[in-house]
Amino acid sequence: MLRIIGAIVVVIIAFGATLLAMTWWSGTGEGKKPVLVETKPLPPASRTSVAVVPVAVAISAIRDSIDRAAPPSLAGKGENPLGELMSKLDIGWTVTRGPFTAAGRPDGLTIATPLNGSLRVTGQIAGAGGNIAGALGGLLGQDLGKQAEGLIGRVLDQRADIRGSVTVRARPTLWPEWRIDPNLTGQVALADAGLSIAGIRLNIPGQVKPLLDQVVNEQINTLQARVRTDPFIEQAARREWAKMCRSISLKGIGADTPDLWLEIRPTKAIAAQPVIDAKDMTLLLGVEAQTRIVPTATKPDCPFPATLELVPQMERPRVAIGLPIDVPFTEVNKIVEAQLKGRKFPEDGSGSTEVTVLRASLAASGERILISLRVNAREKKFLGLGAEATVHIWGKPALDRAKQTLRLTEIELDVESEAAFGLLGAAARAAIPYVQDAIADSAQVDLKPFMASAKQSIETALRDFEFSGRGVRVDSAVNEVRLAGIEFDSKTLRVIAEADGSVKAAVTALP
């Protein structure tokens, strides 16, 4: 009996040793690794981004600014139209303006104010009686001359009302040198009125209008020269240009993801001519910039442009940012391996052999990706054989824009993997289709967290341009971040994303 038991033990030990040896021998199956097609290195990553910002200056703000700057009243002295005949006359006038009104139209801006005032004639009619009488008789006729002769020595103090308006028109034009020309023209209009002195009618508009024209034109020329040379547009643009020239951290999408940076390098300033309507004068200012995702913070060089590039009127303002995102394949490997490592196939437990994924890695080859899986295959029976092998599966990367994921399509088993399982043969290979299906379903990179983080980071960056106070309000918004394309080489996977948003400025009060 003991001999029989001993023989059984020997047989079991021998069988187990043989099984272990077979398992070890069959587990060395590597198969022949497919030859990879050389992948051309990716060019430097950058995209052209555009931001077009409408700056709406309220017509009421322009009106109020002019109202504060313009003098409330004007005064002057008129010329004596009677010369030596009434050499002691003093003709003075004062005019007070009313509040300004403003009206905007596509052909320009009109600012107007009413004028109210008075003209006063004071003095004494003097002269030798015969001489002045003869002079007045020759000027007025014998009858009026005799009447005027009786006025000699009389003290005069007469008044007349002045009514009219001043109208200023502006057709602003933007210059490439960061300056704006208001193209101002002015017009003074006075109601016809007169004053009779010694029977002589004194024309009030003729006395006052030349002087008013001179004063108004002087003020218009002063204002026009000041606006033409004022660098306020350039100074504001320089401040915002410096804010844009930088790199922005995109950290925050997960502990296992690298800290990437969005580099913004503005290169060109563009603008369209002002547009005027009943409410606002709107100036469209824009910037073109090179944007890219980089692994570390940078300090880009962004020279400020000496001139603006004037472009035709644009249909709508917009912010469009291109985001080339470079992710090393070492990082992609971590994501894919985390999804596949430890999974068993078939997952429903059917089949005579169970395949477990031990490791997973990716490599680029031409337009395709090679997934190399180190798997363990074991027969599902008492003391079943087991083997390890490396299985190679091809796939083509594609973006699922709706789901915001990067996934592999056109999955197929490489022919060199057919004989990778040695003695397990067909039984193990029967489980490979399940592995292929699982890769098709789960070998994907979810980019939604990154897109959400990128959107948040861009919003944070745009908020640096927001401002509210002193009659100016700047608002911004990021409406969408979407996937647009994919590229890769042997080391790097590049995903192209695009962000759409808006920035707008409203000016409700001017200095």
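Remarks
- Candidate set from region 377-390 (those that are in contact with a Lys or Arg (Cβ under 8 Å, 6 or more places away or on another chain) and in a strand (DSSP E or B)); member that is modelled with the highest pLDDT: Thr390
- Filter pass, Asp464 being more than 19 Å from the chain's Cα centre (by Cα) and either at pLDDT 75 or above or among the charged types (D, E, K, R) (or both): no
- Any hit, region 140-155, residues being β-branched (Val, Ile, Thr), crowded, with 17+ Cβ neighbours inside 10 Å, in a loop (DSSP other than H, G, I, E, B) and at pLDDT 50 or above: yes
- Residues of region 105-122 satisfying the condition of being surrounded by 21 or more Cβ atoms within 10 Å (Cβ to Cβ) and β-branched (Val, Ile, Thr): Ile111, Val121
- When Leu211, Leu262, Leu202 are checked against the criterion of being in the same structural domain as Leu190 (by TED's automatic domain parsing), part of a strand (DSSP E or B) and at pLDDT below 85, Leu202 stands alone in meeting it.
- Those residues of region 171-188 which are over 30 Å from Val121 (Cα atoms), part of a strand (DSSP E or B) and more than 29 Å from the chain's Cα centre (by Cα), in sequence order: Leu184, Thr185
- Of the candidates Thr291, Thr267, Thr298, Thr307, the single residue that is assigned to a loop (DSSP other than H, G, I, E, B), closer than 30 Å to Ala454 by Cα and among the polar types (S, T, N, Q) is Thr298.
- Pairs with Cβ under 7 Å, 6+ apart, first in region 42-70 and under 30 Å from Thr291 (Cβ atoms), second surrounded by fewer than 18 Cβ atoms within 10 Å (Cβ to Cβ) and among the aliphatic types (A, V, I, L, M): Ser49/Ala320; Val50/Ala320; Val52/Met314
- The residue that is surrounded by the fewest Cβ atoms within 10 Å (Cβ to Cβ), counting only those in region 34-76 that are in a loop (DSSP other than H, G, I, E, B) and charged (D, E, K, R), is Lys40.
- Of the residues Glu263, Glu234, the single one that is in contact with a Lys or Arg (Cβ under 6 Å, 6 or more places away or on another chain), of a type in the set (Asp, Glu) and touching a residue at least 12 places away in the same chain (Cβ under 8 Å) is Glu263.
Residue by residue, here is whether (1) modelled with pLDDT under 85; (2) touching a Gly at 6+ places or on another chain (Cβ under 6 Å); (3) outside any loop (DSSP other than H, G, I, E, B) holds:
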position	(1), (2), (3)
Asn333	yes, no, yes
Ala338	yes, no, yes
Gly349	yes, no, no
Ala364	no, no, yes
Val375	yes, no, yes
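The values are calculated or read from the model by the stated rules, or taken from the named source; none is laboratory data. Because the structure is a prediction, the values reported are computed rather than measured. Because the Cβ atoms are built from the backbone with ideal geometry, glycine has one as well, and the counts that use them run over all protein chains shown.
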